[in-house]
Amino acid sequence: MRSTSALALMMATLAVGALSACGDDDKKDNTPDSGTNTDAGTSTGNGQCPASAIICEDFEDGETGWKQPDEDHHATIAVDSTRPRSGKASVHVKTDPGYNEDTGSGDQQAIAHLRRDIPAFGTKLYTRAYVYLDRASPEGVMGTYFILFSPKDNDFGGIELQGMHSGAFALDDWSGIKGTGWNHQEGTEVTVSPNKWTCIEWGVERANSSATTGHALVWVDGKLAFDFPNVGIRPFTNFGVGYGFVHPKGDSESETWIDDLAVAPERIGCE
């Protein structure tokens with residue numbers, strides 16, 4: 001379950017309880033009945049925003065078009081000039097130290113995302129962003145990069161791409177679809193390292209617009225890192241970009257920058 005607001009978290013708990021760039025030759029066909037696409041979202045390779053892009057953002061206009069978090073989860077997020085990849089600005093996230101879900105009371109998250117409404121998810125959606133981490137996520141804790149979220153009372157749920165301590169990835173699935181859930185990258189051949197800009201791509205696919213499961217892929221600098229099977233799909237209408245920890249263990253301080261973001265129904269690739 002991931003951070004939106006206290007109300008959303010409560011609704012998610014109720015909902016779950018009620019529901020009992022540039023090369024992808026190594027892609028695995030893990031979910032033939034769940035919308036696996038054998039071309040794995042083949043990229044044009046130039047990394048430029050396609051004409052079909054839903055979001056094409058270099059953050060030079062600040063937070064225009066974006067919504068700040070509706071609650072403070074012990075982190076700040078802003079568009080500033082501290083470390084742009086290109087131009088003069090990027091998203092800057094700072095998470096506060098000392099939060100531990102095991103020992104503290106109340107909200108012990110340290111996480112923040114900018115949010116934006118998007119058209120309802122169809123069959124394919126791809127995200128590309130450049131990310132600069134000042135450190136790997138703490139041991140045993142995942143940092144959340146992107147979120148796809150459906151806020152509808154009758155279709156509540158979401159999925160998110162997370163980064164692990166090893167530089168590998170996890171897919172947190174709180175869609176409430178039967179047979180889905182948290183999944184992690186089983187191999188570490190392709191990973192993210194801190195203290196440099198990295199091109200991260202995330203693709204979510206399903207066979208048709210009524211399928212309730214699909215799969216999700218993640219690439220690092222154009223190389224396929226993992227293909228997550230059995231991903232719950234809802235008509236996601238909200239996209240979040242940022243960073244932070246939902247289940248910190250005390251070592252919750254971090255600093256992250258994100259720039260040159262694109263979201264489209266076709267794979268964007270890296271520049």
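Bear in mind that the values in this text are calculations on the coordinates, not laboratory data. Since the model is a prediction, treat every value here as computed from it, not as a measurement. Note that we place each Cβ from the backbone using ideal geometry, even for glycine, and neighbour counts take in every protein chain shown.
Packing here is the average count of other Cβ atoms within 10 Å per residue, and on that basis the peptides 80-91, 141-152, 99-110, highest first, run 141-152, 80-91, 99-110. Across region 101-108, coupling constants 3J(HN,Hα) worked out from phi with the 6.51/-1.76/1.60 Karplus curve, θ = phi - 60°, read 5, 7, 10, x, 10, x, 6, 10 Hz, and Gly and Pro carry x. The simple spin-label model puts a point 7 Å past each Cα toward its Cβ; for ALA78 and TRP182 those points are separated by 3.3 nm.
Relative to one another, the C-alpha centroids of region 206-257 and region 70-113 are positioned 18 Å apart. Database remark: amide H of PHE226 closer than 5 angstrom to the amide H of VAL218 (H placed geometrically; neighbours at sequence offset of 5 or more, or on other chains; Pro and chain starts carry no H). Could you pull out the pairs from LYS152/LYS223; LYS196/LYS223; LYS88/LYS152; LYS152/LYS196 whose alpha carbons sit more than 28 Å apart here? In this structure, LYS152/LYS223; LYS88/LYS152; LYS152/LYS196 exceed 28 Å between Cα atoms.
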